[in-house]
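Before any comments, here is the structure.
Computed from the coordinates by the stated procedures, all read-outs in this text should not be read as laboratory data. Every value quoted in this text rests on a predicted model; they were computed, and no experiment measured them. When we count neighbours, we look across all protein chains shown, and the Cβ atoms used for this are built from the backbone with ideal geometry, even at glycine.
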Amino acid sequence: MAVDRGRLFGTDLRLHQVGGSLDLTRDDAGDLDLAAAADNISQALTLRLLVRRGELAPLGWPDYGSRLHELIGEPNVIRTRALLMTFARAAIEQDARVDKVRDIRALVLAGERDVVRLELDILLITQPNPLNLVVDVPLEPA
């Protein structure tokens, strides 16, 4: 039985980064733009990493989010990068559309000592090919 990716991965309002926050985008007609299918799952998983775990508890989502924020202010050393990978894996694998995180890497960007780039290969349910997700995590407060 074939699974419709668009239906499985859903549709949501498309967000874009403005400075240190996120904002809605407009389409060519001036209406709110939508993220669907693969774009939506990428956006949803990125948001799961950026939201502090427990931040949405008052809205009924106490386990949504990640613990990445706990590492702000920590030095960019092997231990911190290992914790970033552990926290990211745990958060991503909470999403019901994720089978598992197949691989995760924490990279130090040249000239960016306070930023760690997480590269994740994520196996989604019913999908044969992994999703590649890249998220830069600042270790200094914004």
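If you take every DSSP beta bridge fully contained in the stretch 5-138, what fraction is antiparallel? Give it as a percent rounded to 5.
Taking every DSSP beta bridge with both residues in the stretch 5-138, the antiparallel ones total about 95 percent.
Return Thr46, Thr11 ranked ascending by Cβ neighbour count within 10 Å, so the fewest neighbours appear first.
Details: Thr46 17, Thr11 13.
Ordered by Cβ neighbours within 10 Å, fewest first: Thr11, Thr46.
Treating the angle as unsigned and between 0 and 90°, give the value, to the nearest 10°, between the Cα long axis of helix 37-50 and the longest Cα principal axis of the chain.
With both axes taken from Cα atoms, the answer is about 30 degrees.
Compute the relative contact order of the stretch 43-142 as a whole-number percentage, counting only Cα pairs closer than 8 Å that sit 6 or more residues apart in sequence. Display every interim value, and only then the final one.
Numbers: 185 pairs, mean separation 22.0, N = 100.
After rounding, I find 22 percent.
Using the Cα centre as the reference, give the magnitude of the dipole from point charges on the C-beta atoms of the stretch 5-138 (Lys, Arg: +1; Asp, Glu: -1; all else neutral), rounded to the nearest 20 debye. Intermediate values should be presented prior to the final figure.
Details: 17 positive and 20 negative charges, 103 e Å.
Here the size comes out at about 500 debye.
Could you work out [θ]222 nm for the chain from helices alone, using -39500 (n - 2.57) per DSSP H run of at least four and dividing by all its residues? Round to the nearest 500 deg cm²/dmol. Walk me through the numbers on the way to the answer.
Numbers: 3 runs with 34 residues, N = 142.
The helix contribution divided over the chain gives -7500 deg cm²/dmol.
Going by alpha carbons, how many degrees (0 to 90, nearest 10) lie between the helix axis of 78-92 and the longest principal axis of the chain?
Rounded to the nearest ten degrees, it is 20.
Would you mind checking the radius of gyration and Dmax of the chain based on alpha-carbon positions, in Å?
15.9, 49
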